[in-house]
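Working notes, beginning with the structure itself.
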Amino acid sequence: MLSMEQQGSHFCGASAISDYWAITAAHCLVGTDPEDLSLRAGSLTQAKGGTLHQAVEIFIYPKYYNTEYDEDIALVKVKNPFSENSNVEYVKLPDQWEPLEVGSEAMVAGWGLTSMNWGADLSEKLKDVKIIVVDPEQCADNPQNRGVFLITDNMICAAAEGEDTCPGDSGGPVVVREGDQQKLVGLVSWGDGKGDLNNPGIYTRVSQYRLWIFMKTKV
């Protein structure tokens, strides 16, 4: 798990996929100059510890539109390798169009806001939550989503009772355990942070972009 920072402050999460490449949500990086972006690796504490890695290139998926939050994925290349830090674990990537069954359990992590209440702070320590993948129709039928963003095949719907992702968690990983590795199936994209099973959060489906990731990174 990586923390993306500008001027020493955390704003989004990311995941290392190789020595020089990280993956995150596109909406985190729209309008961002690589010179202003660094990624902190190997620390569980927000904006402290670990190693800093300067970004040198940002690739936002070309079909991403900030007004729709569809195709919400981006890649970051760094100057100094993540392998400098022995605490960094590279996530495994899914195959192109690999399915994710409804009812699957996954973990999502981040340093996002501790609540959706006014004045809430970012979490000092990395937190994780177990979420359950739900039928996309449940998201599409949710009155709060209708007329806001279209639920597409590029998205995963998932929820947990009483817990949810919040601002500051965007771009962070949704992983499933596969043997001794963590497979990256999703990226935190959008939602209302209410922690309601009837109002799931929306995550970018990474398997839709496996070929694009390979073309850019050779990973």
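Each reported figure results from applying straightforward, stated rules to the coordinates on display, with no laboratory input. These numbers were taken from a predicted model, which means no experiment stands behind them. Cβ atoms come from the backbone with ideal geometry, glycine included; neighbour counts cover every protein chain shown.
Filter the stretch 4-41 for residues that are buried (at least 19 other Cβ atoms within 10 Å of the Cβ) and part of a loop (DSSP other than H, G, I, E, B) and give the result.
Result: ILE17, TYR20, ALA25, LEU29, LEU37.
Being in contact with a Ser or Thr (Cβ under 8 Å, 6 or more places away or on another chain), touching a residue at least 12 places away in the same chain (Cβ under 8 Å) and small (Gly, Ala, Ser) narrows it down to one residue among SER18, SER38, SER9; which is it?
SER18
Every residue in the stretch 46-73 that is free of Cβ contacts under 8 Å to residues at least 60 places away in the same chain, in a strand (DSSP E or B) and in contact with a strand residue (DSSP E or B) (Cβ under 6 Å, 6 or more places away or on another chain), please.
Once the filter is applied, which keeps residues that are free of Cβ contacts under 8 Å to residues at least 60 places away in the same chain, in a strand (DSSP E or B) and in contact with a strand residue (DSSP E or B) (Cβ under 6 Å, 6 or more places away or on another chain), the stretch 46-73 yields THR51, LEU52, HIS53, GLN54, ALA55, VAL56, GLU57, ILE58, ILE60.
Being surrounded by 15 or more Cβ atoms within 10 Å (Cβ to Cβ), in contact with a helix residue (DSSP H, G or I) (Cβ under 6 Å, 6 or more places away or on another chain) and within 17 Å of MET4 (Cβ to Cβ): is that true of LEU44 here?
For LEU44, the condition - surrounded by 15 or more Cβ atoms within 10 Å (Cβ to Cβ), in contact with a helix residue (DSSP H, G or I) (Cβ under 6 Å, 6 or more places away or on another chain) and within 17 Å of MET4 (Cβ to Cβ) - is not met.
Could you check the stretch 63-111 and list, in sequence order, the residues that are over 16 Å from SER207 (Cα atoms), of a type in the set (Val, Ile, Thr) and buried (at least 17 other Cβ atoms within 10 Å of the Cβ)?
VAL76, VAL78, VAL88, VAL108 - these are the residues of the stretch 63-111 that are over 16 Å from SER207 (Cα atoms), of a type in the set (Val, Ile, Thr) and buried (at least 17 other Cβ atoms within 10 Å of the Cβ).
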